[in-house]
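Some notes on the structure that comes next.
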Amino acid sequence: MKLLGALEKPFYAAVNPLVERLIRAGVRPNSITTVGTGLVLVSAVAYALGEVRLGGALLLASGVADTLDGQVARGSAMATRFGAFYDSTLDRVGDGATFIGIGAFLLTAPDVAYRVPATIICMVAILSSLLVSYARARAEGLGLDCKVGIAQRAERILGLGVASLVVGAGPRALVLEGLVALLAAASIITVIQRFVYVYRHADAAGPGSRPRNVERATVDSLAKGR
C-alpha cells in the first residue's frame, strides 16, 4: 500500500500537458533526470545553510522532475535500460544528499534541540531510504513483485518538502527533527514489510521462478520502485 496512491491519477493528469510539451520539444528523459538531481543537490545545500523553506521548495520541484523523466521516456518511446539505471542511481544520490544536508544543519545550527540524536536519525534515514529501493530490486530479481510498503520515495519527498515549505524548521528545529524521525520510521517499516513479503512468498514462487532477464527486472524495479 502506498500512502499517496489515491493522488497518483490526478497528479499524472495535471502534468500530462507538460509531458506532451516536453516530448514535442524533443527533450530527452536523461536531461530531465539531470536537472532534477541538480535541484535536489541545491535543495540539500539550502537545508545545510538553514534555508529550510527554500530547501523544501526545491525538493518538491525535484520530485516533479523525477516524475516527468519517466513519463517523457514512456510517452516518447525513449525508455532505455541505461536511462532506468541512470535515473535510479541519481535518485539514490538525491536521497542521501537530502538527509546529509539536513544533518549538517542540525549539527551546526545554533539552538537546536537534541542535536546529536537528530543527526544520528538522519544517518538512519539515509540507510533506510536506500534499503527501501534495494529490497524491492532484489526481490524482483528473484521473480517477486514486491510493491508493498507504506512509504516510497514519493511519500518521502512530498512529506518532507511540503512540511519544510509551510512550517520550516520550527522552534529549535523540532519540527524538522520530527519529520526526519517520521520518515526514517516509515522507511524502516517499509523495509520490514518487504522483508516479510519476500519471506512469505519466496518459497511459494519456487526455485525456477526467476524472470527471463534478472538484470532488466532489477533495473526496472529500481527505476519504478523507489
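Rule-based calculations on the coordinates, nothing more; no lab input. Note that the coordinates shown come from a computational prediction; the quantities given were computed from them, not determined experimentally. Cβ coordinates were reconstructed from backbone atoms using ideal geometry, including for glycine residues, and neighbour counts include every protein chain displayed.
Per residue, the Cα convex hull of the chain amounts to 110 Å³.
Put in order of Cβ neighbour count within 10 Å, fewest first, the listed residues 203, 145, 87 become 203, 145, 87. Result for the chain in a Gaussian network model with C-alpha springs under 10 Å: among 133, 62, 31, the largest mean-square fluctuation is at 31. Estimated at 0.36 nm per residue, the fully extended path between residue 199 and residue 78 surpasses their Cα-Cα distance by 40.0 nm.
Which FRET efficiency value, to the nearest 0.05, do you get for residue 28 and residue 147 by plugging their Cβ-Cβ distance into 1/(1 + (r/R0)^6) with R0 = 35 Å?
About 0.80, to the nearest 0.05.
For the pair residue 123 and residue 35, the difference between a 0.36 nm per residue extended length and the Cα-Cα distance amounts to 29.1 nm. Between residue 192 and residue 16, the contour length at 0.36 nm per residue exceeds the Cα-Cα span by 59.9 nm. In this Cβ point-charge picture (+1 for Lys and Arg, -1 for Asp and Glu), the chain has a dipole of about 460 debye about its Cα centre. In the chain, taking the dipole from charged Cβ atoms about the Cα centre, the farthest positive-side position among 31, 167, 109 is held by 31.
The ranking of 114, 12 by Cβ neighbour count inside 10 Å, starting from the fewest, reads 12, 114.
Taking the Cβ of residue 106 as the centre, find all other residues whose Cβ is under 15 Å away and add up their charges (Lys, Arg: +1; Asp, Glu: -1).
My count for the surroundings of residue 106 gives -1.
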